[in-house]
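Reviewing the structure listed below.
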Amino acid sequence: MKLTIGKHAGFCFGVRRAVQTAFDAATDQASCVTLGPLIHNPQEVERLERAGVRVVATLDEVQPGQTVIIRSHGVTPEVYAQCEARGLRYIDATCPHVAHIHQLVKAYSAQGEAVIIVGEADHPEVVGIAGWAHGPVFILPDQEAAKSAQLPQKAMVVAQTTIRRDRFEEVLAILRKRVAELTVRMTICAATSQRQQEAEALSREADVIVVVGGKNSSNTQKLYETCKARCARTILVETPEDVPAGAFSDADRVAITAGASTPQWLLQRVQERIENGVSLDGSKD
């Protein structure tokens, strides 16, 4: 079996920065909490909890003296205002790329102009971005939504950082026809594009693709979709135990990629499981 590991697999800059910030805070502060899971990876969230960084769903759960860590997805301006009004100390671990989108949206919509976000309405990053707009916000997950939405004649369009570029381009093509004065800001993270391009290339060459990441992770799901479209034997796993017995033969070319919220230690364990796992006949390799 030939095994290839994607060079761009695993933590992106923003997630790595957020996780390191949280672990550093756990060392320096008596008690820390993250407002929502810091990243979409249950195993890394559990590791943070063991280090003393607990997850809370709302600011109402924060106890006096605790430090709030704002996760990499970012939040609305109201969250910062609430922290300050309650006298809560907070550490902002928002990904710099996401924070840049916040400022783009804030500046463009200062006079009430409309903003279009290409992304998933319930994703925390998109919720945060929408909160920075001073005018109407239109959230379009795909080209069908772009065709049916009642759109303005003037707007700025931005992208969720983890959206697939081909999906953004599909929506953009429709917007160019429907919005007379359209300002375009390509805000897909470069690391996301690199990971998706690499995954596409690997899936064209491999017999089996293993995508490692949290099952509730948006960017992991998009990687899986990218690979599955080109390699029928694409497997999504969250832990080493999810790697199915009998998935590989000695002749297979196997490639591994991972979402931006997948830690290196977990990626390595999946690799070890594949290298020392079970073969198609059910026996140990």
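The values are calculated or read from the model by the stated rules, or taken from the named source; none is laboratory data. Fair warning: this is a prediction, and the values are worked out from it, not measured in the lab. Positions of Cβ are generated from backbone atoms using ideal geometry, with glycine treated the same way; all protein chains shown enter the neighbour counts.
Things worth noting here:
- Against the test of being among the hydroxyl-bearing types (Ser, Thr, Tyr) and within 25 Å of residue 160 (Cα to Cα), the options 261, 249 yield a single qualifying residue, 261.
- Sub-7 Å Cβ pairs linking a first residue in segment 68-82 that is outside the structural domain of residue 22 (by TED's automatic domain parsing) to a second residue that is crowded, with 21+ Cβ neighbours inside 10 Å, at least 6 apart or interchain, number zero.
- Check on residue 171, within 24 Å of the chain's Cα centre (by Cα) and not assigned by TED's automatic domain parsing to the domain that holds residue 148: no
- Any hit, segment 60-69, residues being closer than 21 Å to residue 87 by Cα, of a type outside the set (Lys, Arg) and in a helix (DSSP H, G or I): yes
- Out of 235, 163, one residue alone is under 21 Å from the mean Cα position of the chain (by Cα) and either in a helix (DSSP H, G or I) or outside the structural domain of residue 125 (by TED's automatic domain parsing) (or both). It is 235.
- Test: residue 26 is at pLDDT below 90, part of a helix (DSSP H, G or I) and among the small types (Gly, Ala, Ser): yes
- Within segment 8-27, the set of residues being more than 17 Å from the chain's Cα centre (by Cα) and in contact (Cβ under 8 Å) with a residue 60 or more places away in the chain comprises 21, 22, 25.
- Condition check for residue 201: free of Cβ contacts under 8 Å to residues at least 24 places away in the same chain and either within 24 Å of residue 72 (Cβ to Cβ) or out of contact with any Gly (no Cβ under 7 Å at 6 or more places or on another chain) (or both): yes
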